[in-house]
């Protein structure tokens with residue numbers, strides 16, 4: 001990795017931040033991590049060449065978070081978004097949500113999750129059911145001001161990534 005790169009990470013969870021720092025140290029990486037709210041990032045306008053958001057969208061007020069990401073990106077900067085989205089096909093959607101609920105429940109049982117944690121099993125599937133399709137996510141990015149959005153989806157949208165750009169100054 002290029003030693004001149006400066007990498008920042010933000011998360012709302014101290015546990016996730018600590019785990020990320022542990023993994024970074026194992027790989028001899030230096031990452032400046034902060035516990036903060038993704039809706040009000042503690043960085044100046046036009047600070048970053050690239051920003052990623054990975055598997056966290058359904059936990060955020062997505063338009064507000066996208067606006068913050070847009071704000072901190074430099075003109076010409078790239079935004080990479082990757083997450084589980086709502087499937088685009090009803091034929092896939094129904095069995096997928098049955099599978100998702102069962103697999104989360106089974107995993108929680110297998111690993112001895114607390115009764116309180118098991119109450120959240122439905123949250124994951126329900127949050128995806130209420131979330132965006134890949135096409136709708138691309139539209140949101142456009143509405144925020146991003147351009148040149150590329151989208152690749154797998155398994156009819158279950159896993160999807162979007163790559164967008166903040167326009168250059170004119």
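For this structure, a couple of remarks:
- Within this structure, residue 41 passes the test of being surrounded by 13 or more Cβ atoms within 10 Å (Cβ to Cβ) and either under 16 Å from the mean Cα position of the chain (by Cα) or part of a loop (DSSP other than H, G, I, E, B) (or both).
- Residue that is surrounded by the most Cβ atoms within 10 Å (Cβ to Cβ), among those in segment 100-128 that are closer than 30 Å to residue 71 by Cβ and touching a residue at least 12 places away in the same chain (Cβ under 8 Å): 128
- From the list 60, 85, 140, 110, the one residue that fits, being over 19 Å from the mean Cα position of the chain (by Cα), modelled with pLDDT of 85 or more and over 22 Å from residue 6 (Cα atoms), is 110.
- Only a single item in (1) assigned by TED's automatic domain parsing to the domain that holds residue 56; (2) touching a helix residue (DSSP H, G or I) at 6+ places or on another chain (Cβ under 9 Å) is not met by residue 124, and it is number (1).
- Flag if residue 74 is in contact (Cβ under 8 Å) with a residue 24 or more places away in the chain, closer than 20 Å to residue 139 by Cβ and not assigned by TED's automatic domain parsing to the domain that holds residue 126: no
- Qualifying position, being touching a residue at least 40 places away in the same chain (Cβ under 8 Å), touching a helix residue (DSSP H, G or I) at 6+ places or on another chain (Cβ under 9 Å), part of a helix (DSSP H, G or I) and closer than 24 Å to residue 12 by Cα, among 63, 69: 63
- Failed item, numbered, when residue 55 is tested on (1) under 16 Å from the mean Cα position of the chain (by Cα); (2) surrounded by 12 or more Cβ atoms within 10 Å (Cβ to Cβ); (3) under 24 Å from residue 163 (Cα atoms): (2)
The values are calculated or read from the model by the stated rules, or taken from the named source; none is laboratory data. The structure presented is a predicted model; accordingly, all values stated were derived computationally and were not measured. Cβ sites come from the backbone with ideal geometry, for glycine too, and all protein chains shown count toward neighbours.
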